[in-house]
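Undergrad: Below is a structure I'd like to ask you about.
We did not get these values from a lab; they are worked out from the coordinates using the rules stated. Since the model is a prediction, treat every value here as computed from it, not as a measurement. Backbone-built Cβ (ideal geometry, glycine too); neighbour counts: all protein chains shown.
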Amino acid sequence: MAPSDSTRTETEQSAAQPAVGAPSAAELRAAAQTDLGERRADARPAPLQTARGMEARDVLAWYGASQALKGISLPFAPNQVTALIGPSGCGKSTFVRCLNRMHEEIPGGRVEGQITLDGHDIYASDADPVTVRSKIGMVFQKPNPFPTKSIFDNVAAGLKLSGGKRVKRSDLRDRVESSLRGAGLWEEVKDRLSAPGMSLSGGQQQRLCIARAIAVEPEVVLMDEPCSALDPVATLRIEELIHELRQRYTIVIVTHNMQQAARVADSTAFMLSGELVEFAPTNKIFTDPDDERTEQYVTGKFG
Ligand SMILES: Nc1ncnc2c1ncn2[C@@H]1O[C@H](COP(=O)(O)OP(=O)(O)OP(=O)(O)O)[C@@H](O)[C@H]1O
Ligand SMILES: [Mg+2]
């Protein structure tokens, strides 16, 4: 059952609309063929740093007695972008929260199955959730900078909270700068690092949150509808950034925007009612899916 409207923010409600603009099959095919395939593979720069891959095996998740995931198995290849798509309430957010041990923080939240990062079980008895979350960072739907902190401190806070090694004060500035550069925000904020993070535009705030996530040098960045609160220009900027981030990180992105999945993702997984229906190269999902339900969803016939 999807959360009732009264429990969802306005942003979440608008983001829950399926298949933004319900593009036609021809439009999706065009988006996929423009951006994917050999041409785009050629245009993609080689990784600057080899990230680690993840693998989910038969992941089940519950909220109390209610089962939200019914056995999801998916590989996340290193330095690749994997999109998760599916109608509202199918379990996309639950699944990404399982991928960095955040689901267990929800009262009644329970996870079974296995999730590995570079072969290591992130749910092993000796795996520390705080360390896991520093290796598998998360960017949320709505930009959530720390409201009272400056631009600089928002990024530095990521380092302080990571639970990892303390960063020397002298190194902190360099780390903040490189993280803001990595998030494509440095040029816009370098002269006002002490201004409040909240003084930035929505798109800049989201890039600030990406800077905060990458400051701790994660292996994987999870993004749950990172553009749903942004205008088209800010959205495009984040999509370009995702292309750059994949040179260093493994990326998992939840999106309701079919064209966005077609533009940014190497592989796409279609979920329905807590199950995985189909996982394939994005081009195939949008142009020649095996499952009829995938075809119907990507062409906006149901949501
Ligand atoms: N905190 C919660 N407590 C109880 N049930 C929840 C909670 N969060 C989600 N659920 C339920 O789990 C199921 C999966 O929800 P989830 O938020 O993962 O879906 P989603 O695919 O991310 O949806 P959307 O596209 O609307 O964001 C839904 O039935 C939802 O109602
Ligand atoms: Mg969600």
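Undergrad: Cα gyration tensor of region 212-263, axes a ≥ b ≥ c as square roots of the eigenvalues: rounded (a/c below 1.5), prolate (a/b > b/c) or oblate?
TA: In terms of gyration-tensor shape, prolate.
Undergrad: Using the structure shown, select from Lys92/Lys284; Lys142/Lys190; Lys168/Lys190; Lys149/Lys190; Lys135/Lys168; Lys92/Lys149 the pairs with a Cα to Cα distance greater than 25 angstrom.
TA: Where the Cα-Cα span goes over 25 Å, the pairs concerned are Lys92/Lys149.
Undergrad: Which order do Ile214, Ile106 fall in if you start with the one that has the fewest other Cβ atoms within 10 Å?
TA: Ile106, Ile214
Undergrad: Given points 7 Å out from each Cα along the Cα-Cβ axis, report the Asp290 to Gln247 separation in nanometres with one decimal.
TA: A separation of 3.5 nm, rounded to one decimal place.
Undergrad: Also: Does region 119-163 come out rounded, prolate or oblate by the C-alpha gyration tensor, with a ≥ b ≥ c the root eigenvalues, rounded set by a/c under 1.5 and, if not, prolate when a/b is larger than b/c and oblate if not?
TA: prolate
Undergrad: Return the equivalent ellipsoid semi-axes of region 57-167 as a descending list in whole Å, where each equals the square root of 5 times an eigenvalue of the C-alpha gyration tensor.
TA: After diagonalising the Cα gyration tensor, the semi-axes are 26, 17, 15 Å.
Undergrad: Could I ask something else about it? Taking the beta-carbon count within 10 Å as an exposure proxy, list Ser125, Ser228 from fewest neighbours to most.
TA: Least crowded to most crowded, the residues run Ser125, Ser228.
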